[in-house]
Amino acid sequence: MNAILYYIHDPLCSWCYAFRTSLAELKQALPPEIHFKRLLGGLAPDTTEPMPPALQQSIQQAWHRIEQTIPGVKFNFAFWSDNTPIRSTYPACRSLLAARKQSAELEDKLLSCIQEAYYQRARNPALDATLFECAIQSGLDKEQFELDYRSHEIDRQLQQEIKTARSLGVCSYPSLVLGQNSRISSITVNYLDYRTMLDDIEALLIYR
């Protein structure tokens, strides 16, 4: 049976954003018998309440830490003065599932567009207007996207992906889990060198 490499993430997780280059290199190098599967972990449930100041400060500190430790990753800190931050990532998660219904390629494009809007252009990713703008920029069918985005089906799918992520023992993002038959193995994320992750995966495949 082919193995599955689960990537559990959230589109508004700054550490997931920092991991994108190393992840892309890992995906490119994966052995052909491994199926790569994304799962949305759902970092923060729906709310319209402003983000508490202490949490805003904590996230900004994480941005600074990422910039200091991962070469090439920069953030636009104007986001915090130009917006009313809202701690809600479920809308962005649902938008990716709506994009996935059109194609996996469009899901990838929308993810990149949302991250670009948030981290580089200081747009508020918790707002429908931002997500719909990104959907259009990504080439999605606008009417179909909005219909799916608001559907009960997409919400149920998100809840199922969150449940699956929890069943894999995941509670932080980004996470990698290798599934083989009935066994699951956590893979240590490396933001700087994909080869350590590839070595771990190949070693597990040898001894399955």
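The values are calculated or read from the model by the stated rules, or taken from the named source; none is laboratory data. The structure presented is a predicted model; accordingly, all values stated were derived computationally and were not measured. So basically every Cβ, Gly included, is an ideal-geometry build from the backbone, and we count neighbours across all protein chains shown. Keep in mind that these areas ignore ligands, DNA and RNA; they rest on the heavy atoms of the full protein, side chains included. Shrake-Rupley method; radii C 1.70, N 1.55, O 1.52, S 1.80 Å.
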| said: Checking R156 against (1) under 21 Å from Y17 (Cβ atoms); (2) open to solvent by 80 Å² or more (accessible area, probe 1.4 Å): exactly one of these is not met. Which one? | reply: (1)
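Only one of I70, I66 is at pLDDT 95 or above, open to solvent by less than 70 Å² (accessible area, probe 1.4 Å), touching a Ser or Thr at 6+ places or on another chain (Cβ under 7 Å) and of a type in the set (V, I, T). Can you tell me which?
Values: I70 fails: touching a Ser or Thr at 6+ places or on another chain (Cβ under 7 Å).
The match here is I66.
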| E25 versus (1) open to solvent by 60 Å² or more (accessible area, probe 1.4 Å); (2) touching a residue at least 40 places away in the same chain (Cβ under 8 Å); (3) closer than 23 Å to D155 by Cβ: which is the lone unmet condition? | (3)
| task | Quick one: T164 ticks every box in (1) touching a residue at least 40 places away in the same chain (Cβ under 8 Å); (2) more than 23 Å from K37 (Cα to Cα); (3) surrounded by fewer than 19 Cβ atoms within 10 Å (Cβ to Cβ) except a single one, so which number is it? | result | (2)
| request: Find the residue count for segment 113-153, including only residues that are surrounded by fewer than 16 Cβ atoms within 10 Å (Cβ to Cβ) and part of a helix (DSSP H, G or I). | output: 12
| note | Being acidic (D, E), farther than 23 Å from Q28 by Cβ and over 18 Å from the mean Cα position of the chain (by Cα) narrows E202, E153, E161 down to just E153
| said: For segment 73-111: of the residues being under 19 Å from D128 (Cβ atoms), touching a helix residue (DSSP H, G or I) at 6+ places or on another chain (Cβ under 8 Å) and among the polar types (S, T, N, Q), which is most open to solvent (accessible area, probe 1.4 Å)? | reply: Q102
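So is A126 without any contact (Cβ under 8 Å) to a residue 24 or more places away in the chain, under 13 Å from P11 (Cα atoms) and aliphatic (A, V, I, L, M) or not?
Numbers: without any contact (Cβ under 8 Å) to a residue 24 or more places away in the chain: no; under 13 Å from P11 (Cα atoms): yes; aliphatic (A, V, I, L, M): yes.
It is false that A126 is without any contact (Cβ under 8 Å) to a residue 24 or more places away in the chain, under 13 Å from P11 (Cα atoms) and aliphatic (A, V, I, L, M).
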| message | Go through (1) of a type outside the set (D, E); (2) part of a helix (DSSP H, G or I); (3) buried (at least 18 other Cβ atoms within 10 Å of the Cβ) for L176 and report which single condition fails. | response | (2)
| said: Quick check on segment 63-70. Is at least one of its residues at negative phi and part of a loop (DSSP other than H, G, I, E, B)? | reply: yes
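I'd like to check something: does segment 185-197 contain any residue that is open to solvent by 90 Å² or more (accessible area, probe 1.4 Å), within 23 Å of Q102 (Cβ to Cβ) and not in a strand (DSSP E or B)? Even if it seems obvious, please write down each step before you answer.
Within segment 185-197, the subset open to solvent by 90 Å² or more (accessible area, probe 1.4 Å) is 186, 188, 192, 195.
Adding the requirement that they be within 23 Å of Q102 (Cβ to Cβ) leaves none.
Scanning segment 185-197, I find no residue that is open to solvent by 90 Å² or more (accessible area, probe 1.4 Å), within 23 Å of Q102 (Cβ to Cβ) and not in a strand (DSSP E or B), so the answer is no.
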| Within segment 1-14, restricting attention to residues that are out of contact with any helix residue (DSSP H, G or I) (no Cβ under 7 Å at 6 or more places or on another chain) and not in a strand (DSSP E or B), which residue is most open to solvent (accessible area, probe 1.4 Å)? | M1
| note | Residue pairs qualifying under the 6 Å Cβ cut-off, at least six apart or on distinct chains, with the first in segment 188-200 being of a type in the set (S, T, N, Q) and the second being outside any loop (DSSP other than H, G, I, E, B), are N190/T196; N190/M197
